[in-house]
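The values are calculated or read from the model by the stated rules, or taken from the named source; none is laboratory data. Here the structure is a predicted model, which is why all the values come from computation and not from measurement. We place every Cβ from the backbone using ideal geometry, glycine too, and count neighbours over all the protein chains shown. Heavy atoms of the whole protein, side chains included, go into the accessibility calculation; ligands, DNA and RNA do not. Shrake-Rupley method; radii C 1.70, N 1.55, O 1.52, S 1.80 Å.
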Amino acid sequence: FEKFTLDNGLTVIMHQDDSDPVVAVALTAHVGSAREIEGRTGFAHLFEHLLFLESENLGKGGLDKMSARIGGSGANGSTSRDRTNYFQTVPKDALEKMIWAEADKLGYFINTVTEPVLAKEKQVVKNEKRQSVDNRPYGHVSYVIGKALYPEDHPYNWQVIGSLEDLQNATLQDVKDFYNRWYTPNNTTLTIAGDFDPEQAKAWVHKYFDEIQPGQAVAPLEKRPVTLNTTKKLYYEDNFARLPQLSMTWPTVPNYHPDSYP
């Protein structure tokens, strides 16, 4: 692969693979629930939803609509504690359009978020939480483990999806502040993989991303390994489960540590 950085701080990774006449494009922002603050949890995941909507030049329907129109597939996103990503695969002759669309998201999205848009997406996320956590057997296991394993001030203490109360309390200004702080070129990586001309792709990346202004510098979060002084044994009663489930969890080394693989 080839890796380079634009003047505004955007990291670009390119990997050629001509086994199929398609190109995968992924935008990864270095923001997950670990960047949130108490009382405002769930923002990173809320943005995963919002960024599939319109941006200033993409228009109604956003990425989903455009991707479907040009024969794209797999348009989706995900949020973890440490990052949020957006990805799709398109026919190789649609690469320029997709690079343009991703730049529009990163640079020209937030002005399209209004009170009604935010209110609607809050309900979508709440419903997702009810479906995937609150009304699912064993849905609260991760919550119980997170609270028991990490101290209260640890950024992994809360769940990625956040709390319904925090989401409901989010204001439009809260959302804009979160976007302006974290969704900046210097906190984002663009990955292009597939059947494409690297020099041409590079020119398109410069054409559409160079004009986006960098944001504040983002300092890396310090690693905070967890140590338990004693074994904790907990149980909770699940209204939806029909069988008992046993989970055993050990604190260990961070990802990418040499010992993480063994």
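Evaluate the stretch 55-64: report whether one residue or more is of a type in the set (Ser, Thr, Tyr) and modelled with pLDDT of 90 or more.
Taking the stretch 55-64 and keeping what is of a type in the set (Ser, Thr, Tyr), we get 55.
Subset that is modelled with pLDDT of 90 or more: none.
Looking through the stretch 55-64, none of the residues is of a type in the set (Ser, Thr, Tyr) and modelled with pLDDT of 90 or more.
For the structure I just gave you, tell me whether Asp20 is touching a residue at least 60 places away in the same chain (Cβ under 8 Å) and either out of contact with any Ser or Thr (no Cβ under 6 Å at 6 or more places or on another chain) or of a type in the set (D, E, K, R) (or both). So that I can check it myself, show each step before the final result.
Values: touching a residue at least 60 places away in the same chain (Cβ under 8 Å): yes; either out of contact with any Ser or Thr (no Cβ under 6 Å at 6 or more places or on another chain) or of a type in the set (D, E, K, R) (or both): yes.
For Asp20, the condition - touching a residue at least 60 places away in the same chain (Cβ under 8 Å) and either out of contact with any Ser or Thr (no Cβ under 6 Å at 6 or more places or on another chain) or of a type in the set (D, E, K, R) (or both) - is met.
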### Message
Any residue in the stretch 131-149 that is over 25 Å from Thr252 (Cβ atoms) sitting within a Cβ distance under 8 Å of a residue that is of a type in the set (A, V, I, L, M, F, W, C)? List the pairs, counting only those 6 or more apart or interchain.
### Response
Ser132/Ile161; Asn135/Phe240; Arg136/Phe240; Pro137/Phe240; Pro137/Ala241
### Summary
Across (1) among the charged types (D, E, K, R); (2) exposed (fewer than 13 other Cβ atoms within 10 Å of the Cβ); (3) in contact (Cβ under 8 Å) with a residue 40 or more places away in the chain, Lys233 clears everything bar (3)
### Query
Failed condition for Trp100, given (1) within 19 Å of the chain's Cα centre (by Cα); (2) open to solvent by 60 Å² or more (accessible area, probe 1.4 Å); (3) aromatic (Phe, Trp, Tyr), with all others met?
(1)
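For (1) more than 25 Å from Glu96 (Cα to Cα); (2) modelled with pLDDT of 95 or more; (3) assigned to a loop (DSSP other than H, G, I, E, B), each residue gets a yes or a no:
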residue	(1), (2), (3)
Leu190	no, yes, no
Glu199	no, yes, no
Tyr208	no, yes, no
Leu221	yes, no, yes
Pro225	yes, no, yes
Asn229	yes, no, yes
Lys232	yes, yes, yes
Tyr236	yes, no, yes
Trp250	yes, no, yes
### Task
Go through (1) among the polar types (S, T, N, Q); (2) assigned to a helix (DSSP H, G or I); (3) under 19 Å from the mean Cα position of the chain (by Cα); (4) under 25 Å from Thr11 (Cα atoms) and name the single condition Asn111 misses.
(3)
### Task
Could you tell me whether Leu106 is among the aliphatic types (A, V, I, L, M), touching a strand residue (DSSP E or B) at 6+ places or on another chain (Cβ under 6 Å) and surrounded by 17 or more Cβ atoms within 10 Å (Cβ to Cβ)?
no
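Let's see how each residue does on (1) open to solvent by 60 Å² or more (accessible area, probe 1.4 Å); (2) within 30 Å of Pro225 (Cβ to Cβ):
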| residue | (1), (2) |
| --- | --- |
| Asn127 | yes, no |
| Asp134 | no, no |
| His154 | no, yes |
| Ile161 | no, yes |
| Tyr179 | no, no |
| Thr191 | no, yes |
| Gln200 | yes, no |
### Query
Any chance the stretch 144-167 includes a residue that's closer than 17 Å to Ile37 by Cβ, in a helix (DSSP H, G or I) and either among the polar types (S, T, N, Q) or in contact with a His (Cβ under 6 Å, 6 or more places away or on another chain) (or both)?
no
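Would you mind finding the one in Ala119, Ala75 that is open to solvent by 20 Å² or more (accessible area, probe 1.4 Å), in a helix (DSSP H, G or I) and aliphatic (A, V, I, L, M)?
Details: Ala75 fails: in a helix (DSSP H, G or I).
Checking each option against the conditions leaves just Ala119.
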